[in-house]
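Each remark here refers to the structure printed beneath this line.
The values are calculated or read from the model by the stated rules, or taken from the named source; none is laboratory data. No experiment lies behind these values; they were computed from the predicted model shown. Quick reminder, even Gly has a Cβ in these numbers, built from the backbone with ideal geometry, and neighbours come from all protein chains shown. Areas reflect the complete protein model, heavy atoms only, side chains present, ligands, DNA and RNA absent. Shrake-Rupley method; radii C 1.70, N 1.55, O 1.52, S 1.80 Å.
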Amino acid sequence: MVLELTRPVVQAPMAGGPSTPALAAAVSEAGGLGFLAAGYRTPEAVRDDVRAVRGMTGARVGVNVFLPGPRADDEAVRRYAAELRAEADRWGVELGDPRYDDDDAWEAKVAVCVEERVPVVSFTFGLPRPDVVATLHDAGALVLVTVTTPEEAVAARDVGADALVVQGVEAGGHRGGFRDDDGAGEYGLLALLRLVARAADLPMVAAGGLVDGPSVAAVLVAGAEAAQLGTAFLACPEAGTSPAHREALTAVGATALTRAFSGRRARGLVNRFLTEHSAAAPSAYPQVHHLTTPLRAAARAAGDAGGVNMWAGQAHRLVEPLPAGELVRRLDDDARAALARVRR
Ligand SMILES: Cc1cc2nc3c(=O)[nH]c(=O)nc-3n(C[C@H](O)[C@H](O)[C@H](O)COP(=O)(O)O)c2cc1C
């Protein structure tokens, strides 16, 4: 049990607002593992978050770092920008500057984790270099890598990862694997857990579509050491989830994978923007993310659920708006009860 959790629940890092120090602290205080999201934040803001958490709890809290991918073709971004002009006119805003960047200096965020002695660091969107993993190990951190295929799991093991966040296609938010692929051959969580267990033999944290105790129990039986839940924590009062997003979570509605908002495939609630722009959106992260930032901000300010990205996993409609600590205890208790009911 490399994570040494009292309760087998990890709160997924959720960049873009939902992850707050208060959410992470409450989860860790309850015996799970809370995460801060470094994605889209400056290194200074990450340091502030880490220190804010320390003021709230003595329990361990992790930090999640986005790794940059390859730079996409600018022409594809220009074509998509032309399509989005009408959206900009609708809100009376300019489209954002579709710049390519390294998530505001990801290496500086790793340096913050080292300096602040963050105990658990997870990576998303890529494979950290072995020297980055070694530096974190020297600072006493556990290193987790998000994987979506057995091949990525083997690669993560080979750079020295201590554990894997195994993300199934059910998951809300971005696909966390190493490439923004075309989706062919994508794995559901249960199949992926077993394939990864045989391929890489590392502790696994399972993610994707888990929102209640029985689903947590299922992934423990399938070999995971803990379950990482995102959507379930979006509904907690400590989360920074927008009101429109919160409200839409419990509605009966489909989710779909889309590049429309960010240029990288992510699962969200189907809404107007997703429906109208998914077909044209190129694989160009983070350029498209920056391009649509003013559109999303305008729609959010207007409370328009049709124009914002509302990331959610497939089981979203089962979420309950409980305080985070209570949710962690409930998930653990219900998982135990579900395991006790299993007939052999
Ligand atoms: C709103 C939202 C934001 C997310 N942001 C991140 C992130 O910053 N880093 C990351 O590794 N995963 C992120 N994820 C994905 C989660 O780590 C996890 O894989 C996913 O939430 C699991 O599926 P579930 O939402 O059905 O529980 C995000 C998910 C959601 C719903």
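Listed values, structure above:
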read-out: Some residue of the stretch 297-318 being open to solvent by 10 Å² or more (accessible area, probe 1.4 Å), free of Cβ contacts under 8 Å to residues at least 40 places away in the same chain and in contact with a helix residue (DSSP H, G or I) (Cβ under 6 Å, 6 or more places away or on another chain); value: yes
read-out: One residue from Ala15, Ala24 being assigned to a helix (DSSP H, G or I), within 14 Å of the ligand (Cβ to nearest atom) and in the same structural domain as Val219 (by TED's automatic domain parsing); value: Ala24
read-out: Condition check for Val166: within 13 Å of the ligand (Cβ to nearest atom) and assigned by TED's automatic domain parsing to the domain that holds Leu33; value: yes
read-out: Qualifying residue in the stretch 238-250 (condition: among the hydroxyl-bearing types (Ser, Thr, Tyr), closer than 28 Å to Pro68 by Cβ, in a helix (DSSP H, G or I) and open to solvent by less than 30 Å² (accessible area, probe 1.4 Å)); value: no
read-out: Gly208 crowded, with 19+ Cβ neighbours inside 10 Å, under 14 Å from the mean Cα position of the chain (by Cα), under 22 Å from Pro13 (Cα atoms) and not aromatic (Phe, Trp, Tyr); value: yes
read-out: In the stretch 56-82, residue farthest from His174 (Cα to Cα) [restricted to those that are open to solvent by less than 70 Å² (accessible area, probe 1.4 Å) and of a type outside the set (A, V, I, L, M, F, W, C)]; value: Thr57
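So that you can scan it fast, the table gives a plain yes or no per residue for (1) at negative phi; (2) without any contact (Cβ under 8 Å) to a residue 12 or more places away in the chain; (3) more than 16 Å from the ligand (Cβ to nearest atom); (4) out of contact with any Gly (no Cβ under 6 Å at 6 or more places or on another chain):
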| position | (1), (2), (3), (4) |
| --- | --- |
| Glu75 | yes, yes, yes, yes |
| Pro98 | yes, no, yes, yes |
| Lys109 | yes, no, no, yes |
| Val121 | yes, no, no, yes |
| Val145 | yes, no, no, yes |
